[in-house]
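Shown next, in structure tokens, is the structure this report addresses.
The values are calculated or read from the model by the stated rules, or taken from the named source; none is laboratory data. For clarity, every value in this text was computed on a predicted model and none was experimentally measured. Positions of Cβ are backbone-derived with ideal geometry, glycine not excepted, and every protein chain shown enters the neighbour counts. The accessibility values were calculated without ligands, DNA or RNA, using every heavy atom of the protein model including side chains. Shrake-Rupley method; radii C 1.70, N 1.55, O 1.52, S 1.80 Å.
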Amino acid sequence: MNRFRFSHAPIDAAPLREQLHHPSCGGFAAFEGWVRDHNEGREVTRLEYEAFEPLGVAEGERIIAEACQRFGVERALCVHRVGDLDLKEVAVWVGVAAKHRDEAFRACRYIIDEVKHRVPIWKKEHYATGDSGWVNCERCTQHAHNHDAGRAHVHS
Amino acid sequence: MNAPLPPLRGLVLAGGHSRRMGRDKAALEHQGRTQLERAMELLRPLCISVHVSVRADQRQDPLRARFPQVVDRGFEGPAAGIHAAQQQDPDCAWLVVACDLPLLDAGTLRHLVSRRDPARMATAYRSSHDELPEPLCAIWEPASGAAFESHLTRGKHCPRKFLINADVLLLDQPRPEALDNMNTPEDLAAAQARHAASGGRPIHVQYFALLREQAGRREETVESTARTPAELFRELTARHRFTLPADMLKVAINSEFRDWSHPLKEGDAVVFIPPVAGG
């Protein structure tokens, strides 16, 4: 089973946590990303996630392998939702089990940070005003259109 | 959660005798690659592993020895290859293609995979010539294994006749000519002339997020002369009026990140990746 997965159904954290449980691990850290009702001053009513799954799974697996090597943890999982999400739903779940808490926290942080920047997942926000927009795409397009060279988009 | 989908392995049938062609069809070169290499590369992004089907006496052939093999066991013809694969791994589905389909493209294969129905015995294309199922560009599900073996042991060797009478999902071909096979040197010359005349070759493009909305489609196969993804993106921007500049995008070819200057080949599957926003 892949350590990085996409889920088209709501994420159930309990069985994921269970998969990480191991007698050699004394620390477990998890991160959940939730759907929030606002972003950059706008009221958000729901989200839509879309992913290029074959490449996303491969890149997610690379991130988890990096985290395990860098922080010396053995057990880590990440599941990202795709499809339509309502407020308060879990958009992403990361769990890391390790001998001690420090490496569990650090590996968990590394995985979520890298996933946000590297895995081909796109988020569309639907606003209370009825319109919608792809996060990191629409505004950058306007910048490019206005020849605004001030803020290059971070897309590493 | 859905029932787990049986994983998909790829099988390129290259165990024929090529009698009408007069030389090994798998070894014929077209645009710098053998037919066998081309078919293997088309399957690779879609399957967890890709194998070449061979007769026992072809195992040491240098062209075929480079790839994981599935060796015929006791039957003959293309049916033997499919049967041997199902014996080798009865729990997975096999995406089977013949090596002599010079016009087969990534879009045709992706279409088949995306519409696959694992509850049937197979998912196959309806021939654009006679409306019958095309067994040699089809997904054979694990459920077909026992019935197909029984078909063979009754002395019937035609995989097409098997599919005609089996519970099969039949799809229309997105490109009607994609499954035209070649059996004679004349067929091969015609296929080559066709490519030369257009100057382009089929490239499959998938779109996501803002690009999907602006293109008005999830995927398409374009005949393009573009040598690199950078050139292809310029062509497609002109066609679809994309607003994202190339320097904000990344590019993947056959499901791997690549440079904008990576050479494009016939049949490549290209994805332009808009700025991501996970989490």
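Quick notes on this structure:
- Interface burial in the range B:236-279 reaches 40 Å² or more for B:M248, B:K250, B:S255, B:F257, B:P275, B:V276, B:A277, B:G278, B:G279, comparing the full protein assembly with the chain by itself; accessible area from heavy atoms with a 1.4 Å probe.
- For the range A:1-67 versus the range B:155-190, the inter-centroid distance based on Cα atoms is 42 Å.
- Heavy-atom accessible area, 1.4 Å probe, ligands and nucleic acids excluded: residues of the range A:101-128 down by at least 40 Å² from chain alone: A:K116, A:W122
- Heavy atoms of the protein chains alone define the surface here; on that basis chain A has 54 Å² accessible area per residue at 1.4 Å probe size.
- Among the trypsin sites (Lys or Arg not before Pro) within the range A:23-69, those in coil by DSSP and having at most 13 neighbouring Cβ atoms inside 10 Å are A:R36.
- At least 30 Å² of accessible area lost relative to the chain alone, listed for the range A:40-71 with a 1.4 Å probe: A:E50, A:F52, A:P54, A:L55
- Carbon and sulfur %, accessible surface of the protein assembly as shown computed with the full protein complex present, 1.4 Å: 49
- Calculated [θ] (222 nm, deg cm²/dmol) that DSSP helices of n ≥ 4 give over the protein assembly as shown, each run adding -39,500 (n - 2.57): -9000 deg cm²/dmol
- Largest-first principal axis extents, alpha carbons of the range B:199-273, Å: 26, 22, 19
- Pairwise burial A:B, computed as accessible area of each alone minus the pair, summed, 1.4 Å, Å²: 2500
- Mean separation of Cα contacts under 8 Å, 6 or more apart, over the residue count of the range B:8-179: relative contact order %: 23
- Treating each Cα of the range A:1-148 as an identical point scatterer and summing with the Debye formula, the log10 of I(q)/I(0) at q = 0.11, 0.12, 0.14, 0.20 Å⁻¹ comes to -0.46, -0.54, -0.71, -1.18.
- Of the trypsin sites (Lys or Arg not before Pro) in the range B:1-77, those whose Cβ has at most 14 other Cβ within 10 Å and which sit in DSSP loop: B:R19, B:R20, B:R23, B:R59, B:R66, B:R73
- In the elastic network of chain B, a GNM with C-alpha springs shorter than 10 Å, the most mobile of B:W260, B:W140, B:W94 is B:W260.
- Of A:E50, A:E40, A:E74, the residue with the greatest mean-square motion in the GNM of chain A, using alpha carbon springs below 10 Å, is A:E40.
- Environment charge of B:L171, counting only residues whose C-beta is closer than 14 Å and scoring Lys/Arg +1, Asp/Glu -1: +2
- Ordered from longest to shortest, the equivalent ellipsoid semi-axes for the protein assembly as shown are 42, 28, 20 Å, each the square root of 5 times a Cα gyration tensor eigenvalue.
- With all protein chains modelled, accessible area of A:H8 [1.4 Å, Å²]: 130
- Eigenvalues of the alpha-carbon gyration tensor of the range B:8-179, scaled by 5 and square-rooted, set the equivalent ellipsoid semi-axes at 22, 19, 15 angstrom, largest first.
- Taken as Cα centroids, the range A:103-129 and the range B:30-49 sit 34 Å apart, rounded to the nearest whole angstrom.
- For chain B: accessible area per residue (Å², 1.4 Å): 43
- Against chain A, whose longest principal axis comes from its Cα atoms, helix A:53-71 is set at around 50 degrees.
- For chain B, built as a Gaussian network whose Cα springs stay under 10 Å, the top-fluctuating residue of B:G81, B:G16, B:G107: B:G16
- Of A:K88/A:K123; A:K88/A:K124; A:K116/B:K265, those spanning more than 25 Å from alpha-carbon to alpha-carbon: A:K116/B:K265
- P(r) histogram, all alpha-carbon pairs of the range B:146-279 included - 5 Å bins from 0, percent: 2, 8, 14, 16, 13, 11, 11, 9, 8, 5, 3, 1, 0
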